[in-house]
1. Percent relative contact order of the stretch 3-123, based on C-alpha pairs within less than 8 angstrom and at least six residues apart?
2. Can you tell which of Gly36, Gly75, Phe124 lies farthest toward the positive end of the dipole of the chain, using +1 and -1 charges on the Cβ of basic and acidic side chains (Lys, Arg; Asp, Glu)?
3. Quick check: the distance between the Cα centres of the stretch 40-96 and the stretch 4-18, to the nearest angstrom?
4. Using the count of nearby Cβ atoms within 10 Å as a rough guide to exposure, how do Glu117, Glu82 rank from fewest to most?
5. Mind listing the long-range amide H neighbours of Val121? Cut-off is under 5 Å, sequence gap 5 or more, other chains count too, H placed in the peptide plane at 1.01 Å from N.
6. What list of ³J(HN,Hα) couplings, whole Hz, do you get for the stretch 37-46 from phi and the Karplus terms 6.51, -1.76, 1.60, once you set θ to phi - 60° and write x for glycine and proline?
7. Can you work out the Karplus-derived ³J(HN,Hα) for every residue in the stretch 83-93? Use 6.51 cos²θ - 1.76 cosθ + 1.60 with θ = phi - 60°, whole Hz, and x for glycine or proline.
8. Considering the chain, what Rg and Dmax in Å follow from its alpha-carbon atoms?
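Laboratory data are not the source of any read-out in this text; all were calculated from the coordinates shown. Just so you know, these numbers come straight off a predicted model, no measurement behind them. Here the Cβ is made from the backbone with ideal geometry for all residues, glycine too, and neighbour counts use every protein chain on show.
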Amino acid sequence: MRASQVLLYIASAIAIFLGLMFLIASVYAASRIVVGLALLLGGGLCILWANNIGRSAVRRGKLESAVLSLAKDRGGKLTAAEVSAELGVPVDVAKQVLASLEREGLAYLDFEEIDKEGVEVYRFPGVIKEN
């Protein structure tokens, strides 16, 4: 779990707690209902946001695994267009995943292939197709 998720969960717990306190206090002053409901809504939205952050990280990890598997099947050489076509993701997402794998040191841009083909070609040196 990322630090941002933890902070969002803490913020949501505080907002929900305060919202409940304001709703209880609204017995004595009805104007506190609005503040209490707003805090409850804010806390709920923070929970949704934190869950979305977690899901996107999982999706990114699954995409990276799928790209590595595809690279293994293709002999360690991929383009963003190939990743996009095979995995059914937009080309910009494919480029982001490939760039992420490059930053992690799992792939590199093959400039000789770029000169030949005219598109960015990524090589995966640690991936060898098994027979």
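1. Working: 117 pairs, mean separation 23.1, N = 121.
The value is 19 percent.
2. Comparing the listed Cα positions along the dipole, Gly36 ranks first.
3. 27
4. Working: Glu117 11, Glu82 18.
Lowest count first: Glu117, Glu82.
5. Amide H to amide H, under 5 Å and 5 or more residues apart or across chains, Val121 pairs with Asp110, Ile114.
6. Each residue of the stretch 37-46 in turn: 5, 5, 5, 4, 4, x, x, x, 5, 5 Hz.
7. 4, 4, 5, 6, 9, x, 10, x, 4, 5, 5
8. Rg, Dmax (Cα atoms, Å): 23.4, 77.
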